[in-house]
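What follows is calculated from the coordinates using simple rules that are stated; it is not laboratory data. Keep in mind the model is a prediction, meaning the values are calculated, not measured. Note that each Cβ is placed from the backbone with ideal geometry, even for glycine, and that neighbours are counted across all protein chains shown.
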Amino acid sequence: MNTKNNPVRFAYIGCGFVGQKIHIPNFSSLPECDFLAIAEPRGDLGDRVAKRYGIPKVYKSHEEIAADPDIEAVGVSAPYTLQGLIAHDLLRAGKHVFMEKPMAVAVKRAEAISETERSSSGRLMVGYMKRYDTGNVLVKKHLDEWRATGERPVFARAHGFGGNWVYATDPNIPFENSNIPPPPAPADEFPEWMPKKWRGPYADYLQQWTHNLNLLRFFLGDDGGKTSVKSVQLDSDGLTGIVVLEVNGVRATIESAYTGFHSWDEHTKVYFKNGWLRTGAPPLMQKETPGTVEIYRSATDDRPAQLTQEFATPGWAYREEAKHFLQCIRSGAPFHSSAADTVHDVRLFEEIYREFIKTQK
C-alpha cells in the first residue's frame, strides 16, 4: 500500500485527444505522481508521446501494464465500449484505476466492475470532473448548509446545450497523430435489449449527459441510488429534449441538445422556496477557470432581495480530479466518484433509453 509520503507509481492507457490534451499532461505535472509507463496500441504514437513527457516505458497493450509489478495505479481513456473492459482487467490485477466516464455502456458490465473492485486490492475512480470543479464544490457547500437549516430544494434543472467542447484548448500542447488505425472497439458491450440502430445515439447521449445527471445527484445528496426516471421526451435523434427525474425526493430536469455555440452552454440551478443557487460551467478545456457561482435570496422583513456572486479558487476541474485520485490512493480516503456510485448512473441511462425507444415507431 502506498503511503502519503511516496509518489504514486502511475501509468496511462490511451494516447488519443483526451489522453494527450488533458490527462497525460495533468498527471505528469503533479509531484504526487511518478509517471512510469504509457500503453498505446499504435506504437509510433506511444513512443512520441512518451518521449515528450520523459516517460520511461512504452507498452502496446493494457495487459502489459497489468502485469508490470512496478505500477500501482493506472489512468484509462479509450472508446466507450472498450475502456470498461480495460478497467475491469486492471482491477483483477490489483491496480488502482482512474478512468474516463462512462464506466460502462451497460449495467451488466458496470455491476461486474463494481463487484470485482470489492474483491480487489485496487480501487476505481470515474472521471466525473464536474464534482471536482471548485465552483461546483462551493455550490455543494452552500446547498448542504441551506439544507442543514431546514430549507428543502423544490426543483433543480441541468441545462446542457453544449457547443464547441474544445474551445479554449491550450495551443501549447501539441497533438500527435498516427497513420496506424486504432483497433476496433467491441460492439457486444451494449445492453442486450438495445436495437443496433440506437447504439450510436445511446453512446452519444450517455457519454455527454452522464455528467449532468451525476452532478444533479451530487448536488442533491443522492449517494445511494435514490434517483428515478419520471418522464423521457427526446426527439427522434435520441439526443435532444427533456428528461424528468426525481433525485433524492426532488424533481429535476435534464435539458439536452447539441448546438453550434462557439463556446460552452451549460448551467445547473437548484431552487428553494426563498432562493436559488446556480453554477455555470466554463468551457471544458479552459484552464484555471472554475464554474461561476450565483446566489439569490428573496426579500425578508430585515433586508431586500439579494443576488450575489462568489468566486471559487481558480483551478481546472480535470487537474483537480487527478489530484483527488492521487491523494486518495496515498491516504486511503474514499473517492468522491466511486465505482459503486457510478453503477447508479449507468442503470438510469439504460432506463432513460428504454423509455425513449418505446416512443419510436
- line: Listed residues Arg347, Arg152, Arg131; largest mean-square fluctuation, Gaussian network over the chain with Cα springs below 10 Å, found at Arg152
query: What order, most packed first, do the peptides 90-102, 252-264 have when packing is the mean number of other Cβ atoms within 10 Å of each residue?
result: 90-102, 252-264
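Work through the residues other than Ser120 whose Cβ is under 15 Å from its Cβ and net out their charges, Lys, Arg +1 and Asp, Glu -1. Intermediate results must be reported in sequence, preceding the final value.
Numbers: positive: Arg92, Lys95, Arg118, Arg123; negative: Glu72, Asp89, Glu111, Glu115, Glu117.
That works out to -1.
What pairs in Lys196/Lys323; Lys140/Lys323; Lys95/Lys130 have C-alpha atoms more than 29 Å from each other?
Details: Lys196/Lys323 39 Å; Lys140/Lys323 19 Å; Lys95/Lys130 24 Å.
Checking Cα-Cα distances, Lys196/Lys323 exceed 29 Å.
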- line: Scalar couplings 3J(HN,Hα) for region 239-244 by Karplus 6.51 cos²θ - 1.76 cosθ + 1.60 (θ = phi - 60°), nearest whole Hz, x for Gly and Pro, are 10, 9, x, 9, 10, 9
statement: Phi angles of region 308-315, converted by Karplus (6.51 cos²θ - 1.76 cosθ + 1.60, θ = phi - 60°) into ³J(HN,Hα) in whole Hz with x for Gly and Pro, give 10, 10, 10, 10, 6, 4, x, x
- prompt: Say the dipole of the chain comes from +1 at the beta carbon of Lys and Arg and -1 at that of Asp and Glu; which of Met129, Thr227, Ser331 then lies farthest toward its positive end?
  reply: Thr227
task: Would you mind checking region 77-92 for residues with the amide N under 18 Å from a putative spin-label position 7 Å along Cα→C-beta of Arg118?
output: 88-89, 91-92
query: Which label marks the calculated value of Cα extents along the principal axes in Å, given the options (i) 90, 41, 30; (ii) 69, 40, 38; (iii) 66, 53, 42?
result: (iii)
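Could you work out the local net charge near Val166, counting Lys and Arg as +1, Asp and Glu as -1, over the other residues with Cβ closer than 14 Å to its Cβ? Walk me through the numbers on the way to the answer.
Numbers: positive: Lys21, Lys287; negative: Asp170.
It works out to a net charge of +1.
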task: Run a plain Debye calculation on region 182-227 (Cα atoms as equal point scatterers, no solvent) and give log10 I(q)/I(0) at q = 0.15, 0.20, 0.22, 0.28 Å⁻¹, rounded to two decimals, same order as the q list.
output: -0.57, -0.79, -0.85, -0.98
Estimated FRET transfer efficiency (Lys226, His142; beta-carbon r; R0 25 Å; 0.05): 0.75
task: Quick one: which residues, 5+ away or cross-chain, put their amide H under 5 Å from the amide H of Ile38? H built at 1.01 Å from N.
output: Tyr12, Lys57, Val58, Tyr59
